[in-house]
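Student: Quick one: the structure is below, and I'll ask about it shortly.
The values are calculated or read from the model by the stated rules, or taken from the named source; none is laboratory data. All values reported here derive from a predicted model rather than from experimental measurement. For neighbour counting, all protein chains shown are included, and Cβ atoms are generated from backbone atoms with ideal geometry for every residue, glycine included. Accessible surface is based on the protein model in full, side chains and every heavy atom, while ligands, DNA and RNA are left aside. Shrake-Rupley method; radii C 1.70, N 1.55, O 1.52, S 1.80 Å.
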Amino acid sequence: MERLQHYNRRPAILVSAAAGYGKSTLVSSWLEMCGRPSAWLSLDENDNDLQMFLVYFTAAVQSLFPDTLTNSAAMVSAPNLPPIQAIVNQMANELDAIDQDFFLVLDDIHHLREMSINDFLDSLLRHPPRPMHLVLIGRRDPQLSIPALRARSQLGEIRLQDLRFSDLETASYLRLMLQTSVDGGVVAAWAEKMEGWVTGLRLAALSIKHRADMQSLSQRQMGSQYVMEYLFSEVLLHQPTAVRDMLLETSILKRFCAPLCTAVGKASDDSERQPDRAWKFIQHLKNENLFLISLDAKGHWFRHHHLFQQLL
């Protein structure tokens with residue numbers, strides 16, 4: 001919350017982490033106490049249409065300031081959409097005329113894979129309107145000029161390492177969920193296995209909430225059916241077939257690098273391209289925040305999150 005408050009004057013704030021790390025909960029809690037108007041736009045895979053997105057974007061701003069963006073609204077509702085830059089220029093001018101700072105949240109921005117939408121957002125942030133502050137929430141980084149925004153101090157970032165529960169927070173949460181004191185050894189085991197993943201912690205705790213013998217169930221229940229179902233339906237099921245295959249191939253490894261992924265992978269007709277395939281696989285896991293844990297500063301060795309590996 002303090003980090004977000006520190007960033008509240010920047011044109012954009014990015015909250016990016018894997019599924020179930022409390023991104024939306026954090027932002028909604030922060031907006032309740034920040035004292036500024038805010039609008040929230042929840043996105044899904046059906047929003048990968050530039051004109052539809054622009055209509056929603058304009059309507060979200062008008063929900064806060066009804067008398068604004070009249071010309072922009074007419075442009076984005078026209079049968080033939082004008083060039084993106086013309087829309088950006090018009091909208092930026094009208095947004096600049098708003099006399100009050102506000103937040104516009106784009107939740108689940110990882111669903112937006114249409115490049116024209118990303119081009120619109122990128123162009124808008126190149127010369128950002130002063131009153132508007134975009135909050136981008138997603139399971140992966142959007143396809144924006146993040147390095148440039150970062151270099152200009154126009155971007156605030158909240159990432160997985162900021163959202164992970166500490167051992168103390170894990171203990172507090174378990175006490176809250178189970179309504180009883182929790183042995184220190186059990187807490188330590190849960191903290192090690194969950195690695196700060198709050199949704200996994202919640203689902204595993206729910207599976208034993210009404211059981212008395214937590215000590216004997218602790219290790220077994222951490223990988224409960226609830227946890228595995230969530231990881232399967234929310235993470236694994238959405239991956240391309242080639243990625244799923246390599247996830248399964250690497251699941252036997254306690255740690256891996258690209259050459260090791262190649263060694264355990266299935267034979268390919270073009271064996272010389274196998275190392276490229278392995279590096280692209282690791283890069284995909286990094287880009288998509290797919291429960292990948294980096295083990296060194298050079299970005300050579302990695303491992304899967306303990307629970308994700310257990311599912312695989």
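Student: Please go through the range 32-54 and pick out each residue that is open to solvent by less than 60 Å² (accessible area, probe 1.4 Å) and not in a loop (DSSP other than H, G, I, E, B).
Tutor: Taking the range 32-54 as the starting set, the residues that turn out to be open to solvent by less than 60 Å² (accessible area, probe 1.4 Å) are 34, 36-39, 41, 43, 47-48, 50-51, 53-54.
Listed by number, the residues that qualify are Cys34, Ser38, Ala39, Leu41, Asp47, Leu50, Gln51, Phe53, Leu54.
Student: Then there's this: For residues that are at pLDDT 95 or above, closer than 12 Å to Ala12 by Cβ and under 19 Å from the mean Cα position of the chain (by Cα), tally how many sit in the range 127-147.
Tutor: Total satisfying the criteria: 5.
Student: Another question, if that's okay. Only one of these conditions is not met by Ala205: (1) within 30 Å of Leu14 (Cβ to Cβ); (2) open to solvent by 20 Å² or more (accessible area, probe 1.4 Å). Which number is it?
Tutor: Against the list (1) within 30 Å of Leu14 (Cβ to Cβ); (2) open to solvent by 20 Å² or more (accessible area, probe 1.4 Å), Ala205 comes up short only on (2).
Student: Which one of the conditions (1) outside any helix (DSSP H, G or I); (2) surrounded by 20 or more Cβ atoms within 10 Å (Cβ to Cβ) does Gln143 fail to meet, given that it meets all the rest?
Tutor: (2)
Student: Take the range 184-202 and flag every residue that is within 30 Å of Arg10 (Cβ to Cβ) and either of a type in the set (A, V, I, L, M, F, W, C) or in contact with a strand residue (DSSP E or B) (Cβ under 8 Å, 6 or more places away or on another chain) (or both). Quick ask: steps written out before the conclusion?
Tutor: Restricting attention to the range 184-202, the residues satisfying the condition of being within 30 Å of Arg10 (Cβ to Cβ) are 195-199.
Matches in the range 184-202: Glu195, Trp197, Val198.
Student: Now for a separate question. Answer yes or no as to whether Gln310 is assigned to a helix (DSSP H, G or I), modelled with pLDDT under 95 and over 30 Å from Val15 (Cβ atoms). Give the steps one after another, and end with the answer.
Tutor: Values: assigned to a helix (DSSP H, G or I): yes; modelled with pLDDT under 95: yes; over 30 Å from Val15 (Cβ atoms): no.
The answer is no for Gln310.
Student: Can you name the residue in the range 148-177 that is modelled with pLDDT of 90 or more and among the basic types (Lys, Arg) and, of all such residues, is nearest to Gly138 (Cα to Cα)?
Tutor: The selected residue is Arg159.
Student: Shifting gears a bit: Taking interchain pairs and intrachain pairs at least six residues apart, which have beta carbon atoms under 9 angstrom, with the first residue in the range 98-121 and under 17 Å from Glu288 (Cα atoms) and open to solvent by less than 10 Å² (accessible area, probe 1.4 Å) and the second among the aliphatic types (A, V, I, L, M) and in a helix (DSSP H, G or I)?
Tutor: From residues that are under 17 Å from Glu288 (Cα atoms) and open to solvent by less than 10 Å² (accessible area, probe 1.4 Å), the pairs are Ile109/Leu121; Leu112/Leu121.
Student: Test Ser28 against the criterion of being at pLDDT 95 or above and open to solvent by 10 Å² or more (accessible area, probe 1.4 Å), and give yes or no. Full working, then the answer.
Tutor: Working: at pLDDT 95 or above: yes; open to solvent by 10 Å² or more (accessible area, probe 1.4 Å): yes.
Yes; evaluated as a whole, the condition is true for this residue.
Student: With respect to Asp67, determine if the residue is at pLDDT below 95 and crowded, with 18+ Cβ neighbours inside 10 Å.
Tutor: Details: at pLDDT below 95: yes; crowded, with 18+ Cβ neighbours inside 10 Å: no.
When the stated conditions are applied, Asp67 does not pass them.
Student: Moving to a separate point now. Inside the range 148-183, can you point out the residues that are part of a helix (DSSP H, G or I), farther than 30 Å from Ala12 by Cα and open to solvent by 50 Å² or more (accessible area, probe 1.4 Å)?
Tutor: Those that are part of a helix (DSSP H, G or I), farther than 30 Å from Ala12 by Cα and open to solvent by 50 Å² or more (accessible area, probe 1.4 Å): Asp167, Leu168, Ser172, Arg175, Leu176.
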